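The values are calculated or read from the model by the stated rules, or taken from the named source; none is laboratory data. Just so you know, these numbers come straight off a predicted model, no measurement behind them. Quick reminder, even Gly has a Cβ in these numbers, built from the backbone with ideal geometry, and neighbours come from all protein chains shown. Quick note on the areas: whole protein, heavy atoms, side chains included, nothing else; ligands and nucleic acids left out. Shrake-Rupley method; radii C 1.70, N 1.55, O 1.52, S 1.80 Å.
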Amino acid sequence: MTSTGEKLAASVITPSIESFDSLIQFMENSDQFWVIKDTESRFVYMTNIARHYCDLPMDFNVEGRLDSECPAFWSEHAPAIQKNDNAVRTTGKTKNILNTFTYGGREKRIQPFLGDVFPIYKDKKCIGTVAYLKKLEFYSMHHFIRGEYPSKLVLSKPDDFFTDREFDVLFFILQSLKPKEIANQLNISHRTVSNKVHSMYQKAGVNNLSDFKQFCISKGYDRYAPTKFINPHPFIVL
């Protein structure tokens, strides 16, 4: 099956250097996360949106650099990234990846992306790889049942309706964990969890778990994932 990235770029990838220039122009105008690398996994091109989420200085020139040569948190995982690039080039098959980027300077933020890495060709010879990523979409069972479109995963606290700790408890409630399991996850007492659940029920104006979950869905809290509970590994091949 043709990937999203391949479909988007298919019309401009042909065996000519003019088309390669058109590919870069296409990426510049797309306002999406695109990266091109050569046969040695050295950067050829990166869109500004990619630079933003990679948290690279705007004056840093990525052209000709390896992942390990970039001032980014993911540089220490360069061997795994380059191994994946090589597999794409040698097999000619698209690889699906999950990237979790930490960005924002001192005020660190985390944003997961799902994407594809696929080969590009010139004169029927592989000349490198293209990576196309998009923000991870959240798709729960209530979306499926109601025929709704997926939503964006929220990684910053949605609002101040609940306290930070209550949102932590809420997150695990929505994952269907029992109070004792939540207590173990948060390293707090079972009584503390019960007290917080009671307090949240009062704030939400409900008195049972089913109504509380419906309240959370209506507020979009089911899309919230506290960054402290996200796998910190920035690069995973799916």
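Taking the numbered list (1) modelled with pLDDT of 95 or more; (2) open to solvent by less than 70 Å² (accessible area, probe 1.4 Å) in turn, GLN202 passes all entries but (2). With respect to the stated conditions, ALA87 is open to solvent by less than 40 Å² (accessible area, probe 1.4 Å) and farther than 30 Å from VAL154 by Cβ. None of GLU69, GLU76 is at pLDDT below 95 and surrounded by fewer than 18 Cβ atoms within 10 Å (Cβ to Cβ) except GLU76. Tell me whether the stretch 12-32 contains one or more residues that are farther than 17 Å from ILE120 by Cβ and either surrounded by fewer than 18 Cβ atoms within 10 Å (Cβ to Cβ) or modelled with pLDDT of 95 or more (or both). Yes: the stretch 12-32 contains one or more residues that are farther than 17 Å from ILE120 by Cβ and either surrounded by fewer than 18 Cβ atoms within 10 Å (Cβ to Cβ) or modelled with pLDDT of 95 or more (or both). Quick one: in the stretch 214-230, which of the residues that are part of a helix (DSSP H, G or I), in contact with a Ser or Thr (Cβ under 9 Å, 6 or more places away or on another chain) and not hydrophobic (A, V, I, L, M, F, W, C) is nearest to VAL169 (Cα to Cα)? Among those residues, the one meeting the criterion is ASP222.
If you go through the stretch 95-134 and pick out every residue that is at pLDDT below 85, loosely packed, with under 15 Cβ neighbours inside 10 Å and under 23 Å from ASP67 (Cβ atoms), you end up with 4. Condition test on ILE49, is it surrounded by 15 or more Cβ atoms within 10 Å (Cβ to Cβ), of a type in the set (A, V, I, L, M) and farther than 27 Å from LEU155 by Cβ? In short, no.
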